[in-house]
1. Could you tell me which residue of region 60-97 is surrounded by the most Cβ atoms within 10 Å (Cβ to Cβ), considering only residues that are under 26 Å from residue 242 (Cβ atoms) and among the polar types (S, T, N, Q)?
2. Kindly provide the set of residues from region 78-131 that are part of a loop (DSSP other than H, G, I, E, B) and over 19 Å from the mean Cα position of the chain (by Cα), ordered by number.
3. In region 317-335, how many are outside any helix (DSSP H, G or I) and either more than 30 Å from residue 362 (Cα to Cα) or modelled with pLDDT under 90 (or both)?
4. Taking the condition of being part of a helix (DSSP H, G or I) and either under 18 Å from residue 383 (Cβ atoms) or among the small types (Gly, Ala, Ser) (or both), how many residues in region 215-244 meet it?
5. Are any residues in region 375-395 part of a helix (DSSP H, G or I) and in contact with a Phe, Trp or Tyr (Cβ under 6 Å, 6 or more places away or on another chain), and if so, which ones?
6. Mind telling me which of the residues 92, 123 ends up being touching an Asp or Glu at 6+ places or on another chain (Cβ under 6 Å), under 30 Å from residue 194 (Cβ atoms) and in the same structural domain as residue 154 (by TED's automatic domain parsing)?
7. Somewhere in region 346-367, is a residue surrounded by 20 or more Cβ atoms within 10 Å (Cβ to Cβ), over 20 Å from the mean Cα position of the chain (by Cα) and part of a helix (DSSP H, G or I)?
8. With respect to residue 182, is the statement that it is over 30 Å from residue 63 (Cβ atoms), in contact with a Lys or Arg (Cβ under 6 Å, 6 or more places away or on another chain) and either small (Gly, Ala, Ser) or modelled with pLDDT of 85 or more (or both) true?
Amino acid sequence: MKFAVALSLVAGAAAFTTSAPRAFTGVKSVGFSQAAVESRINTGLEMAKQVPHGGELVDLMVKDDEAKEAAIAKCTAEVQLSPRQLCDVELIMNGGFSPLTGFMDEATYQSVVENMELPDGLIFGLPVVFDTDDEDLQPGMTVLLKDGDRPIATVEFTDKYTPNKPLECLKCYGTSEIEHPGSFMVATEREDKDVVAFQCRNPVHRAHYELFTRALDDERVGEGGVVLVHPTCGPTQADDIPGDVRYKTYVVLKEETENPRTFWEYLPYSMHMAGPREAIQHMMIRKNFGCTHFIVGRDMAGSKSSVTGEDFYGAYEAQDIANEMSERLGVTPVPSLNLVYTEEKGYVTDEEAKAEGLEIMKLSGTKFRQMLRGGDDIPEWFAFKSVVKVLRDNQ
């Protein structure tokens, strides 16, 4: 089974379009994603200031066992989902990919690849298709999608086509080089408040925490705004920390830094490392979770060539496209502060540190991992003790 990301496919793989997936409440798909489903469906909280992308939040969850069994009975085949496919299915059925109600047909796929928009003109960052090399799957079949022994959703395949992968790579990832790794609602009842989303795919360290808490002071964010820390817990790059371990770090940090203006949820999303296009995708998804603002980091969702070591995208390309598409998308980008730690004043902006001649303390990611493996003391200005413990316990 192959995932829909262009450069993960074998040559000639076919993409299937399906009717709306039917998802089963109470069915645990993967350990870290169930919280996201439950937060979207079961909290009973009202939408905050933001409106869903496309105007209406999609909810395809089956609500009772009788309906679940009836849906399963109609299936004539079973398909095991890959971790990446599982993420897409959950985001379709819980509304994270609103207004999608199923995987994209060929016309929709082409429109998103070529124009970064759905056929009706609504902006959409990346194509969402169900890719497979299984020749037995044909239009008209109703299929049960499973994660191991667990039934996740049923779909009716309605269309079969061969996606234009070279064009998709070039348009969506900005490169045709095959080495490229990708070539809720907010838990608050405070209505009419801005909600700032913070996206990450790594454990949250001190600098990250300072960044997203200080974002509430940005002039673009209204008084009384809150932050939704919304990490992606699906597959990322091969050398990243596994999703289940990242999830554990978020749980302990949520407890350690309990803050009435900071909320934590977990996104069953698989990273594409598509740079600018992925920034749009992240903003759109967070819009469907009720967020009005989105922190756009420097070199967001970026990737380097393993051959030359050069970046595929410019450092500010993601921020530039976020600003360009902000009004159309209905989400306000908030640039991330370039924070550094200083001996004299703690965390300040890099500009302030240089202007005042402050001593900047540095610790690279490579050095941090070496210290982690070696059992060395990690400076508390760099990482939270609770996070370090989780990482060491799961090495």
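1. Of all residues in region 60-97, those under 26 Å from residue 242 (Cβ atoms) come to 79-94, 96-97.
Imposing the further condition that a residue be among the polar types (S, T, N, Q) reduces the set to 80, 82, 85, 94.
Working: 80: 12, 82: 19, 85: 23, 94: 27.
So, considering only residues that are under 26 Å from residue 242 (Cβ atoms) and among the polar types (S, T, N, Q), the one surrounded by the most Cβ atoms within 10 Å (Cβ to Cβ) is 94.
2. The answer is 105, 118, 119, 120, 121, 122.
3. First, the residues of region 317-335 that are outside any helix (DSSP H, G or I): 330-335.
Next, only the ones that are either more than 30 Å from residue 362 (Cα to Cα) or modelled with pLDDT under 90 (or both) stay: 330-332, 335.
Count: 4.
4. 2
5. Applying the first criterion (part of a helix (DSSP H, G or I)) to region 375-395 yields 385-393.
Once the filter is applied, which keeps residues that are part of a helix (DSSP H, G or I) and in contact with a Phe, Trp or Tyr (Cβ under 6 Å, 6 or more places away or on another chain), region 375-395 yields nothing.
6. Values: 92 fails: touching an Asp or Glu at 6+ places or on another chain (Cβ under 6 Å).
That would be 123, the only listed residue that is touching an Asp or Glu at 6+ places or on another chain (Cβ under 6 Å), under 30 Å from residue 194 (Cβ atoms) and in the same structural domain as residue 154 (by TED's automatic domain parsing).
7. Taking region 346-367 first, the residues surrounded by 20 or more Cβ atoms within 10 Å (Cβ to Cβ) are 348, 353.
Adding the requirement that they be over 20 Å from the mean Cα position of the chain (by Cα) leaves 348, 353.
Among the residues that remain, those that are also part of a helix (DSSP H, G or I) are: 353.
Yes, because at least one residue in region 346-367 is surrounded by 20 or more Cβ atoms within 10 Å (Cβ to Cβ), over 20 Å from the mean Cα position of the chain (by Cα) and part of a helix (DSSP H, G or I).
8. Details: over 30 Å from residue 63 (Cβ atoms): yes; in contact with a Lys or Arg (Cβ under 6 Å, 6 or more places away or on another chain): no; either small (Gly, Ala, Ser) or modelled with pLDDT of 85 or more (or both): yes.
Taking the combined requirement at face value, the residue does not satisfy it.
The values are calculated or read from the model by the stated rules, or taken from the named source; none is laboratory data. Quantities reported herein were computed from a predicted structural model and do not represent experimental measurements. Virtual Cβ from ideal backbone geometry, glycine too; neighbours counted across all protein chains shown.
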